[in-house]
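What follows is one structure encoded as C-alpha cells, with my remarks underneath.
The values are calculated or read from the model by the stated rules, or taken from the named source; none is laboratory data. Computed from a prediction, not measured in an experiment: that's the story for all the values here. Here the Cβ positions follow ideal geometry from the backbone for every residue, glycine too, while neighbour counts run over all protein chains shown.
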Amino acid sequence: MKKKKVTSTDIARKAGVSQSTVSMVLNKKYNVSFSKETIERVEKAAKELGYVAPKRKVRKAGKKEKHLAVFCPNLTNPYYVMLLQGVEMRARDEEYTLFVCNTQRDLGMEERYLKMMPSLNPMGIIYMCNPSECFMDMVERLAERIPVVIINNQNEKLSLDAVELDNSKLGRLMARHLLDLGHKKVAYITPPLTTRQKQRSKRTEGFLKEFEKEGLKSQVIVKEAGEQMDIGVANVDSEYRVGYELTKELMEEEADLTAIVGLNDMIALGILDALYELKYRVPHDVSVMGCDNILFGKMHKVALTTIEHFVIFKGRDACDIIMKKIKFKHADFADMEPVNTYHVEYEPKLITRGTTSYAKITDRTKQK
C-alpha cells in the first residue's frame, strides 16, 4: 500500500500551529517573527512525520515567456490608465503578462526601452501613442520580427498596424456642440502644441476649423501651456494645474467668455475648480467641456460634458491584433502568411452632461 504523503496541514496539527506558520518556517521565511520554540516545534514535527519537501519545478529551456511590451507616455492621466486597462483585460484572457515602459515623454527614456526589446524578447509591442519620429526606423525594424500595434492619430501615415483616433474629428465635435448652443466667444486650453505632440495640434485644429466655418475663428482664444510642462517627470496633477492656472489668467484677460474647453478631461477639471473659486456659475455664466470621458468626469457633482471615444475598447483591440498575428504565425499555413495591416477606428460620441448650456445673454444683447 502506497504511503500517504505528509502535508503542511499534518505538520500544523501535530505542532499545534497554523498551516501558514508551517509553510513560512519550512520555507525559511523568517520576515515574520517566530519564537525559537515555534521553529523547533515545527521542524521536529516535520522530521517525525517524515515530511519531504516538494521539488521545485525547473523551467524548460527555450520556452518563451508570454509577455507583451507596452509603451506609455505617462500614467498620470487616467486616459492612459484606461488604455492600459483595456490591453490588460485582453492579455489576461490569453495568459500574457505586460511589461509597461513609461517613457514620460522623454526621448532618452524611449530610446533606452527600445534598445531593451531584443533582450526582453516580447511577443508583441503596443505603443499607446505615436512613436517619436526619430525612432520610427527602430520601431519598424522591430515590427519585422514581432507584431507592433500603435494607438495613433489617424492623420499620421504609418505602415504599421494601428488602432486609430481622428483627433481632428474630436475637436470638430467639441466645437459643434458649443456652436449649436450659441457660443461665439470661447477659449481653448491645451498643453504645449509641440511638433512631437501632434495629436494635441490635430484636436486643436479641428476645433478651430469648425469655428472658422461660421466665420468665428477670431473669437476663439487658444491658451497654451509652456513647453516646460513636457520636460521632466509629469506630476499627478500636471494637466489639472494647466486647466486651473490658465483659467485664472484667462478670466483676468477676457471677462466676456461664454465657454472654456479643455483639450482633455483632466484639464477641464482644473478649469471647473478655477471657475468655482472665482465665483462663476457653471454652466449659467460659463460652459465647460472636456474630452476622453474619464471616470472623474462622470461623478455627480462634476457631471462634465465630454467626448467618448471608447478608450478601453481601443486598448483591448490593440492587444487583440497582437494575438491574431501571434496565432497566425503558429498556424499550419503560416508559410503562406499574407502582408496584412489592421486599422481600427471608433466613431466618437458627444456625452452631454451638466457643465454646458446655452450661451449666456449679455447686457448688449438685452439692449437690442
TODO: Write out, first by first residue and then by second, each pair whose Cβ atoms fall under 7 Å of each other, whose residues are 6+ apart or on separate chains, and whose first residue, in the stretch 1-20, is modelled with pLDDT of 85 or more while the second is in a loop (DSSP other than H, G, I, E, B).
DONE: I11/Y51; A12/S18
Open item on the list: If I filter the stretch 156-178 for residues that are closer than 25 Å to I326 by Cα, in the same structural domain as D317 (by TED's automatic domain parsing), of a type outside the set (K, R) and surrounded by fewer than 17 Cβ atoms within 10 Å (Cβ to Cβ), do I get at least one hit?
Closed with: yes
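So, of the residues in the stretch 268-319 that are of a type in the set (G, A, S) and in a loop (DSSP other than H, G, I, E, B), which turns out to be nearest to E249 (Cα to Cα)? Give the steps one after another, and end with the answer.
Here is the first cut: in the stretch 268-319, the ones of a type in the set (G, A, S) are 268, 270, 274, 287, 290, 297, 303, 315, 318.
Add one more test, that the residue is in a loop (DSSP other than H, G, I, E, B), and what stays is 290, 303.
Details: G290: 19, A303: 24 Å.
Filtering the stretch 268-319 for residues that are of a type in the set (G, A, S) and in a loop (DSSP other than H, G, I, E, B), the one nearest to E249 (Cα to Cα) comes out as G290.
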Open item on the list: Quick check on the stretch 135-148. Is at least one of its residues assigned to a helix (DSSP H, G or I) and of a type in the set (F, W, Y)?
Closed with: yes
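How many residues are of a type outside the set (D, E), assigned to a loop (DSSP other than H, G, I, E, B) and exposed (fewer than 15 other Cβ atoms within 10 Å of the Cβ) when one looks only at the stretch 89-133? So that I can check it myself, show each step before the final result.
Here is the first cut: in the stretch 89-133, the residues of a type outside the set (D, E) are 89-92, 96-105, 107-109, 112-132.
Remaining after also requiring assigned to a loop (DSSP other than H, G, I, E, B): 96, 103-105, 121-124, 128-132.
From what's left, exposed (fewer than 15 other Cβ atoms within 10 Å of the Cβ): 121.
Within the stretch 89-133, residues that are of a type outside the set (D, E), assigned to a loop (DSSP other than H, G, I, E, B) and exposed (fewer than 15 other Cβ atoms within 10 Å of the Cβ) number 1.
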Open item on the list: Among the residues that make up the stretch 251-261, is at least one of them buried (at least 22 other Cβ atoms within 10 Å of the Cβ), out of contact with any Lys or Arg (no Cβ under 9 Å at 6 or more places or on another chain), touching a residue at least 24 places away in the same chain (Cβ under 8 Å) and of a type outside the set (S, T, Y)?
Closed with: yes
Task: Subset of the stretch 8-22 that is over 11 Å from F34 (Cβ atoms) and of a type in the set (A, V, I, L, M) - its residue that is nearest to the chain's Cα centre (by Cα) - done: A12
Open item on the list: Given (1) without any contact (Cβ under 8 Å) to a residue 12 or more places away in the chain; (2) within 28 Å of K360 (Cβ to Cβ); (3) of a type in the set (V, I, T), identify the lone condition not met by T195.
Closed with: (2)
